[in-house]
1. Residues to consider are 31, 105; find the one that is open to solvent by 20 Å² or more (accessible area, probe 1.4 Å) and free of Cβ contacts under 8 Å to residues at least 12 places away in the same chain.
2. Checking residue 144 against (1) touching a Ser or Thr at 6+ places or on another chain (Cβ under 8 Å); (2) free of Cβ contacts under 8 Å to residues at least 12 places away in the same chain; (3) among the hydrophobic types (A, V, I, L, M, F, W, C), which test does it fail?
3. Go through (1) modelled with pLDDT of 95 or more; (2) among the hydroxyl-bearing types (Ser, Thr, Tyr); (3) over 23 Å from residue 33 (Cα atoms) one by one and return the number of the condition residue 62 breaks.
4. If you take the residues in the stretch 108-119 that are in contact (Cβ under 8 Å) with a residue 24 or more places away in the chain and open to solvent by 60 Å² or more (accessible area, probe 1.4 Å), which one is farthest from residue 66 (Cα to Cα)?
5. Considering (1) modelled with pLDDT of 95 or more; (2) open to solvent by 10 Å² or more (accessible area, probe 1.4 Å), say which one residue 72 fails and leave the rest.
6. Taking the condition of being closer than 18 Å to residue 70 by Cα, surrounded by fewer than 17 Cβ atoms within 10 Å (Cβ to Cβ) and in contact with a helix residue (DSSP H, G or I) (Cβ under 6 Å, 6 or more places away or on another chain), how many residues in the stretch 80-102 meet it?
7. Just need a number here: residues in the stretch 34-44 that are under 22 Å from residue 143 (Cα atoms), open to solvent by 30 Å² or more (accessible area, probe 1.4 Å) and among the hydrophobic types (A, V, I, L, M, F, W, C).
8. Residue by residue through the stretch 10-23, note down the ones that are of a type outside the set (A, V, I, L, M, F, W, C) and touching a residue at least 12 places away in the same chain (Cβ under 8 Å).
Amino acid sequence: SGHIRLKSTLVHGVNDVKAAVNYMCSRYNIPGCILIGNSFGGPSVWAATAHLPEKRVLAVVSFAGSARGGPIFEKQKLGTVSAARNFMKPCLILHGTHDANVALPIATKIHQAAGKLSTLVVVMNGEHIFAYKRDLVYPLAKRFILHTL
């Protein structure tokens with residue numbers, strides 16, 4: 001159906017994020033990184049927060065992020081909402097009102113799970129991955145990242 005639903009696909013995404021974070025921290029001698037996920041990258045970075053040492057993840061930014069959940073995902077610490085609930089650092093969730101791929105209530109649920117350090121920005125008329133709203137969302141993400149660092 002074209003949708004990425006397999007647990008193994010998410011495991012690969014998490015492994016990629018972990019490898020990137022470990023490389024960046026080692027290569028640049030930094031304590032941690034801000035994880036940024038776009039679409040399926042959203043569940044990948046959220047799940048990675050449960051598989052990396054706490055000091056390695058400074059914050060999360062999610063652009064039009066989807067979510068994964070259920071017993072199969074939860075058993076291996078891959079659930080998006082549970083990862084957000086356990087993440088106790090700043091996060092920025094950006095989602096458009098006209099996203100045809102990922103429904104806005106998914107972003108709302110992740111935001112609510114992430115708690116008081118989470119900021120949800122709902123972009124009016126924003127489509128999936130903000131093809132026509134990048135001039136709005138990228139500066140917001142930049143400001144969040146610079147403030148977090």
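1. Values: 31 fails: free of Cβ contacts under 8 Å to residues at least 12 places away in the same chain.
On inspection, the qualifying residue turns out to be 105.
2. Against the list (1) touching a Ser or Thr at 6+ places or on another chain (Cβ under 8 Å); (2) free of Cβ contacts under 8 Å to residues at least 12 places away in the same chain; (3) among the hydrophobic types (A, V, I, L, M, F, W, C), residue 144 comes up short only on (2).
3. (3)
4. 117
5. Unmet condition: (1).
6. Residues meeting the conditions: 1.
7. 2
8. The answer is 13, 16, 18, 22.
The values are calculated or read from the model by the stated rules, or taken from the named source; none is laboratory data. Quick caveat: nothing in here was measured; it's all calculated off a predicted structure. Don't worry about glycine lacking a Cβ; one is built from the backbone with ideal geometry, like all the others, and counts go over all protein chains shown. Keep in mind that these areas ignore ligands, DNA and RNA; they rest on the heavy atoms of the full protein, side chains included. Shrake-Rupley method; radii C 1.70, N 1.55, O 1.52, S 1.80 Å.
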